[in-house]
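S.K.: Before we start, here is the structure in question, set down as structure tokens.
The values are calculated or read from the model by the stated rules, or taken from the named source; none is laboratory data. Note that the coordinates shown come from a computational prediction; the quantities given were computed from them, not determined experimentally. Cβ placement follows ideal geometry from the backbone for every residue including glycine, while neighbour counts extend to all protein chains displayed.
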Ligand code: ADP
């Protein structure tokens with residue numbers, strides 16, 4: 001048993017009898033049980049903390065339970081739990097328990113307050129134990145700070161994980177106190193458990209948050225895809241009843257094209273974000289002027305700007321600024337920013353695109369006089385699925401992935417993008433920074449003038465169409481037939497193989513995902529038929545990743561078109577001379 005302290009013993013008291021059988025005296029034997037008793041007490045307290053915080057769903061509840069039970073057990077003045085900030089130099093006391101009358105110390109502090117020696121000890125996981133502040137600490141080694149808060153004895157237990165200080169548990173006493181080894185070990189055990197429990201709860205919270213974002217995204221996606229469907233369906237009905245009235249049908253057709261265009265745009269964004277975030281986008285970098293990139297983006301966004309009666313102001317450097325960029329991708333970046341500016345600015349607003357050189361970079365700023373962005377939202381708008389105002393009736397026709405795509409694409413070009421706004425109603429501005437091309441090379445030669453667009457009616461071709469989606473197949477067949485081609489439509493690979501030798505197509509469009517024989521198998525089998533020598537094969541599919549294109553080339557396809565193919569793509573594909581002619 002320790003001298004000068006309290007201890008526990010297990011006592012056995014037994015009577016000793018004389019010859020007559022009477023109790024002559026009592027014998028007492030005892031063993032020191034102090035250590036066992038302390039271990040039991042420590043385990044009981046840890047158990048109690050575990051039980052009190054078992055079903056806690058929030059970090060705060062765990063901190064509350066742990067600090068209170070520990071504080072009461074030790075008879076302390078205050079017990080505080082702190083997290084380290086990501087900068088590793090500051091800690092935040094998120095919660096403290098205090099005895100009645102003591103004040104709370106919740107807040108953000110610098111680790112330096114402990115003095116340099118104690119700070120470096122804490123960083124490597126060494127506990128700070130002070131029995132008497134005035135006797136043991138120099139003023140700048142923490143004494144000043146502890147005296148200011150009226151504290152004379154401290155245990156401060158650091159928790160180090162993967163070489164990083166992650167949390168602190170501090171016990172404060174208003175009077176000097178000689179801390180025992182047990183008490184120090186107890187605080188150590190509590191901080192470890194408390195932190196592990198809090199981390200578990202935090203990661204569950206993060207998962208829940210991600211899940212919530214995903215559900216909201218799916219709801220928005222369904223809404224955005226359904227939006228264009230209603231006018232398209234109505235349009236079909238109008239076409240049916242107004243056959244033979246060219247003015248009415250032309251108007252409806254234009255509306256339907258716009259709506260289909262919007263759906264294609266959404267689906268392309270979705271495919272892009274999936275490809276970009278898995279690192280599958282390969283840039284086709286060319287040397288091109290900033291002015292050309294901006295012109296291409298403006299051309300894409302012009303219909304949206306005009307529809308909302310916005311004015312567009314362009315301010316570009318006078319000399320040509322050369323960039324090494326993928327024209328399609330960079331113009332996609334700027335047109336996304338322009339479309340957002342148009343969407344989030346009430347009608348007849350002012351939108352500006354300005355560019356200036358700064359060092360070896362060009363700054364391209366797209367600004368608007370629109371609804372602006374609240375300061376707390378700025379940091380997250382580039383995250384996937386983030387929309388500041390998500391209620392469906394406020395939705396402006398987007399999925400919350402445009403800016404995430406912008407950030408990925410700009411980063412692929414070695415640049416950065418940031419947003420600024422003075423707040424709601426104050427307009428927004430987005431700035432893209434890109435490196436300027438190193439040595440200014442001679443501008444590349446202008447592309448040779450192309451022959452006049454022959455359209456899809458160029459030749460009368462024999463075309464085999466294979467797609468298990470009968471609507472997709474039949475509508476494309478009608479289009480091709482209307483353009484003067486001879487079309488044989490089948491809905492599976494086996495039928496294609498049976499009919500192909502006698503039909504002798506010049507060109508075959510094959511869907512890839514078909515039950516039974518898929519597009520790849522059908523392509524290989526068609527290629528093996530000697531009668532079909534010279535046949536052009538085009539894959540028409542929803543899969544457009546680089547590896548899908550490699551697979552289709554390996555299966556013998558000459559072309560790989562993404563559904564729905566645009567009239568321009570079809571026209572280009574159909575403008576060849578079939579064998580035996582020309
Ligand atoms: P969305 O498809 O919703 O437009 P984005 O990723 O392009 O998705 O944008 C994310 C969010 O950022 C938008 O929902 C909107 O709240 C906000 N935002 C983007 N651009 C602007 C802008 N020019 N003005 C105000 N808010 C904007």
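S.K.: Do we find that residue 128 is crowded, with 16+ Cβ neighbours inside 10 Å and farther than 16 Å from residue 78 by Cβ in this structure?
M.R.: Considered against the rule, which asks whether it is crowded, with 16+ Cβ neighbours inside 10 Å and farther than 16 Å from residue 78 by Cβ, residue 128 comes out as no.
S.K.: Conditions first: (1) outside any helix (DSSP H, G or I); (2) in contact with a helix residue (DSSP H, G or I) (Cβ under 9 Å, 6 or more places away or on another chain); (3) closer than 16 Å to residue 414 by Cβ; (4) more than 15 Å from the ligand (Cβ to nearest atom). Residue 355 passes all but one, so which condition is the exception?
M.R.: Answer for residue 355: the failing condition is (3).
S.K.: Sticking with this structure for a sec: Do the conditions hold for residue 238, that is, is it surrounded by 14 or more Cβ atoms within 10 Å (Cβ to Cβ), out of contact with any strand residue (DSSP E or B) (no Cβ under 9 Å at 6 or more places or on another chain) and part of a loop (DSSP other than H, G, I, E, B)?
M.R.: It is false that residue 238 is surrounded by 14 or more Cβ atoms within 10 Å (Cβ to Cβ), out of contact with any strand residue (DSSP E or B) (no Cβ under 9 Å at 6 or more places or on another chain) and part of a loop (DSSP other than H, G, I, E, B).
S.K.: Same structure again: Against the conditions (1) in contact with a helix residue (DSSP H, G or I) (Cβ under 9 Å, 6 or more places away or on another chain); (2) free of Cβ contacts under 8 Å to residues at least 40 places away in the same chain; (3) surrounded by fewer than 16 Cβ atoms within 10 Å (Cβ to Cβ), where does residue 141 fall short? Just the number, please.
M.R.: Failed condition: (3).
S.K.: Starting from residues that are more than 10 Å from the ligand (Cβ to nearest atom) and more than 21 Å from the chain's Cα centre (by Cα), keep the ones in the stretch 331-348 and report whichever is nearest to residue 423 (Cα to Cα).
M.R.: Checked the stretch 331-348; the qualifying residue nearest to residue 423 (Cα to Cα) is 346.
S.K.: When the residues of the stretch 60-108 are filtered to those that are in contact with a helix residue (DSSP H, G or I) (Cβ under 9 Å, 6 or more places away or on another chain) and closer than 16 Å to residue 146 by Cβ, which remaining residue is surrounded by the fewest Cβ atoms within 10 Å (Cβ to Cβ)?
M.R.: 98
S.K.: In the stretch 74-94, is there at least one residue being under 24 Å from residue 203 (Cβ atoms), in contact (Cβ under 8 Å) with a residue 40 or more places away in the chain and part of a loop (DSSP other than H, G, I, E, B)?
M.R.: Yes, the stretch 74-94 contains a residue that is under 24 Å from residue 203 (Cβ atoms), in contact (Cβ under 8 Å) with a residue 40 or more places away in the chain and part of a loop (DSSP other than H, G, I, E, B).
Table: residues versus (1) surrounded by fewer than 16 Cβ atoms within 10 Å (Cβ to Cβ); (2) more than 31 Å from the chain's Cα centre (by Cα); (3) farther than 16 Å from residue 362 by Cα; (4) not assigned by TED's automatic domain parsing to the domain that holds residue 361.
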position: 294; (1), (2), (3), (4): no, no, no, no
position: 297; (1), (2), (3), (4): no, no, yes, no
position: 301; (1), (2), (3), (4): no, no, yes, no
position: 314; (1), (2), (3), (4): yes, yes, no, no
position: 324; (1), (2), (3), (4): no, no, no, no
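S.K.: Quick test for you: out of 412, 434, pick the one residue that is more than 16 Å from the ligand (Cβ to nearest atom) and surrounded by fewer than 22 Cβ atoms within 10 Å (Cβ to Cβ).
M.R.: Exactly one of 412, 434 is more than 16 Å from the ligand (Cβ to nearest atom) and surrounded by fewer than 22 Cβ atoms within 10 Å (Cβ to Cβ), namely 412.
S.K.: Taking residue 402 as the residue in question, decide whether it is at pLDDT 90 or above, in the same structural domain as residue 335 (by TED's automatic domain parsing) and surrounded by 15 or more Cβ atoms within 10 Å (Cβ to Cβ).
M.R.: So residue 402 fails the test.
S.K.: Separate question: Considering (1) over 29 Å from residue 228 (Cα atoms); (2) more than 9 Å from the ligand (Cβ to nearest atom); (3) at pLDDT 95 or above, say which one residue 379 fails and leave the rest.
M.R.: That leaves (3) as the condition not met.
S.K.: Any chance you could count how many residues in the stretch 179-201 are in contact with a strand residue (DSSP E or B) (Cβ under 8 Å, 6 or more places away or on another chain) and free of Cβ contacts under 8 Å to residues at least 60 places away in the same chain?
M.R.: Residues in the stretch 179-201 being in contact with a strand residue (DSSP E or B) (Cβ under 8 Å, 6 or more places away or on another chain) and free of Cβ contacts under 8 Å to residues at least 60 places away in the same chain: 4 in total.
S.K.: For the stretch 488-506, state whether one or more residues are in a loop (DSSP other than H, G, I, E, B) and under 30 Å from residue 265 (Cβ atoms).
M.R.: yes
S.K.: Considering (1) without any contact (Cβ under 8 Å) to a residue 40 or more places away in the chain; (2) touching a helix residue (DSSP H, G or I) at 6+ places or on another chain (Cβ under 7 Å); (3) surrounded by fewer than 19 Cβ atoms within 10 Å (Cβ to Cβ); (4) within 29 Å of residue 282 (Cα to Cα), say which one residue 484 fails and leave the rest.
M.R.: Just one mismatch for residue 484, condition (4).
S.K.: Tell me, yes or no, whether the stretch 184-198 has at least one residue that is surrounded by 15 or more Cβ atoms within 10 Å (Cβ to Cβ), in contact with a helix residue (DSSP H, G or I) (Cβ under 9 Å, 6 or more places away or on another chain) and closer than 30 Å to residue 270 by Cβ.
M.R.: no
S.K.: Would you be able to tell me the number of residues in the stretch 308-328 that are touching a helix residue (DSSP H, G or I) at 6+ places or on another chain (Cβ under 9 Å) and away from the ligand (no atom under 16 Å from the Cβ)?
M.R.: 11
S.K.: When you go through 221, 159 one by one, which is the residue that is within 16 Å of the ligand (Cβ to nearest atom) and crowded, with 16+ Cβ neighbours inside 10 Å?
M.R.: Exactly one residue qualifies, and that residue is 221.
S.K.: Moving on. Going by the conditions given, is residue 348 at positive phi and modelled with pLDDT of 90 or more?
M.R.: Yes, satisfied.
S.K.: Where residues in the stretch 278-306 are more than 26 Å from residue 320 (Cβ to Cβ) and touching a helix residue (DSSP H, G or I) at 6+ places or on another chain (Cβ under 8 Å), which of them is modelled with the lowest pLDDT?
M.R.: 280
S.K.: So if I check each of 537, 570, which one is under 23 Å from residue 475 (Cβ atoms), without any contact (Cβ under 8 Å) to a residue 40 or more places away in the chain and not in a loop (DSSP other than H, G, I, E, B)?
M.R.: 537
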